[in-house]
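**Student:** Sharing a structure here in structure tokens format.
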Amino acid sequence: MYVELQDASESRGRSLQLFCDFGKTNFRPEYKGGLDCDLRDKDGRPIPAITPFAFSGGVPGSQWITLPSDATIRLRATPFGIHRAKAIAISPHLGNVWVIGDDDPREYFLSGTFTVDPAADRTPPGEHVWRGTIILPPARIVNRQK
């Protein structure tokens, strides 16, 4: 999964600084930074995630990103190397994974929020820091492997 960010302001301005917390390790419900996703069935019922789970790969780092004025940037948000045989494995972060088997004919909807809210002591001095939450609309997912 990737998050694509675009500066769509009406005028040319300064670059934005965003703290993209994709390598987060704090998955408590009160912590809202980074990417948080939800998988639901076609009737809107939540699908429980598998947690914890084993994987063999890297994780995108949490870091400050500079988004120049009138620019677009695409960032990998999910861990590398997550795979399940004969299935789709969806893992927005190391806190959970959903597995949709190749023999599962149902459709699902993945939605989420991307939150940028760095601690005050982690803010670069004198920079234009963007804080906020972007609500990601549901994306339809169907495993077509038969």
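**Student:** In whole Hz and in residue order, list the ³J(HN,Hα) couplings for the range 101-111 that follow from phi through the Karplus curve 6.51 cos²θ - 1.76 cosθ + 1.60, θ = phi - 60°; x for Gly and Pro.
**Tutor:** Computed from phi, the couplings for the range 101-111 are x, 4, 8, 8, x, 6, 9, 10, 9, 9, 10 Hz.
**Student:** Calculate the FRET efficiency for D43 and I134 from the Cβ-Cβ distance with a Förster distance of 30 Å, rounded to the nearest 0.05.
**Tutor:** Efficiency, from the Cβ-Cβ distance: 0.70.
**Student:** When only Cα pairs under 8 Å and 6 or more residues apart are kept, what is the percent relative contact order across the chain?
**Tutor:** Reported as a whole number, the value is 32 percent.
**Student:** Report the one residue of Y31, G58, P124 whose Cα lies farthest in the direction of the positive end of the charge dipole of the chain (charges on C-beta: Lys and Arg +1, Asp and Glu -1; origin at the Cα centre).
**Tutor:** G58
**Student:** Let me ask you something else. Residue-wise, which Karplus ³J(HN,Hα) couplings in Hz belong to the range 34-47, taking 6.51 cos²θ - 1.76 cosθ + 1.60, θ = phi - 60°, and x for glycine or proline?
**Tutor:** x, 9, 10, 10, 9, 10, 10, 7, 5, 8, x, 7, x, 9
**Student:** Another question about this same structure. Sequence-distant or interchain residues sharing an amide H contact under 5 Å with R84, placed H: which?
**Tutor:** Those qualifying (amide H under 5 Å, at least 5 residues apart or on another chain) are A89.
**Student:** Here's something else I'd like to know. If the only charges are +1 at each Lys and Arg Cβ and -1 at each Asp and Glu Cβ, what is the size of the charge dipole of the chain around the Cα centre, to the nearest 20 debye?
**Tutor:** 320 debye
**Student:** Could I ask something else about it? Kindly write out, for the range 7-21 in residue order, the coupling ³J(HN,Hα) from the Karplus curve 6.51 cos²θ - 1.76 cosθ + 1.60 (θ = phi - 60°), rounded to whole Hz, with x marking Gly and Pro.
**Tutor:** 7, 10, 5, 6, 10, 6, x, 7, 5, 9, 10, 10, 8, 8, 8
**Student:** Please work out, to two decimal places, the log10 of the ratio I(q)/I(0) at q = 0.13 Å⁻¹ from a Debye calculation in which every Cα of the range 2-142 carries one identical scatterer.
**Tutor:** Computed log10 I(q)/I(0) values: -0.64.
Each reported figure results from applying straightforward, stated rules to the coordinates on display, with no laboratory input. Computed from a prediction, not measured in an experiment: that's the story for all the values here. Glycine gets a Cβ as well: all are built from the backbone with ideal geometry, and neighbour counts include every protein chain shown.
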